[in-house]
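Undergrad: Supplied in structure tokens, the structure appears directly below.
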Amino acid sequence: MNTKGLDYFILAVVIIGAVNWGLVGFFQFNLVTFLFGEMTLFSRIVYAVVGIAGLYVISMFGRVKSAGEWS
């Protein structure tokens, strides 16, 4: 099964989440809250998608290592 497109999408979501956490850490600015409001339904969905994407990225480690891309 080819999951390359899904992997790139998930990686982009994780990067967006990491940038948001960087903004929170450095500048106390939460981009998700700014765009969608504090704990609205949509902001909670965004947080959930980023969390699920983070869990999915864990599975990428095993696939990359088993594919021989890391020595």
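The values are calculated or read from the model by the stated rules, or taken from the named source; none is laboratory data. Predicted model only: the values in this text are computed from it and were never measured. Cβ placement follows ideal geometry from the backbone for every residue including glycine, while neighbour counts extend to all protein chains displayed. We work out accessible area using only protein heavy atoms, side chains counted, and drop any ligands, DNA or RNA first. Shrake-Rupley method; radii C 1.70, N 1.55, O 1.52, S 1.80 Å.
Undergrad: Cα convex hull of the chain: how many Å³ per residue?
TA: Value for the chain: 99 Å³ per residue.
Undergrad: Just to confirm, what accessible area per residue do you get for the stretch 1-46 at 1.4 Å probe, in whole Å²?
TA: Spelled out: the 1.4 Å probe surface of the stretch 1-46, per residue, equals 81 Å².
Undergrad: Once the Cβ-Cβ distance between THR40 and ARG63 is put in as r, and R0 is 35 Å, what FRET efficiency do you end up with, to the nearest 0.05?
TA: Efficiency at R0 = 35 Å is approximately 0.50.
Undergrad: Okay, moving on. With n ≥ 4 as the cut-off for DSSP H runs, can you work out [θ] at 222 nm for the chain, using -39500 (n - 2.57) per run divided by the number of residues, rounded to the nearest 500?
TA: -27000 deg cm²/dmol
Undergrad: So what's the angle, to the nearest 10 degrees on a 0 to 90 scale, between helix 4-27 and the longest Cα principal axis of the chain?
TA: 40
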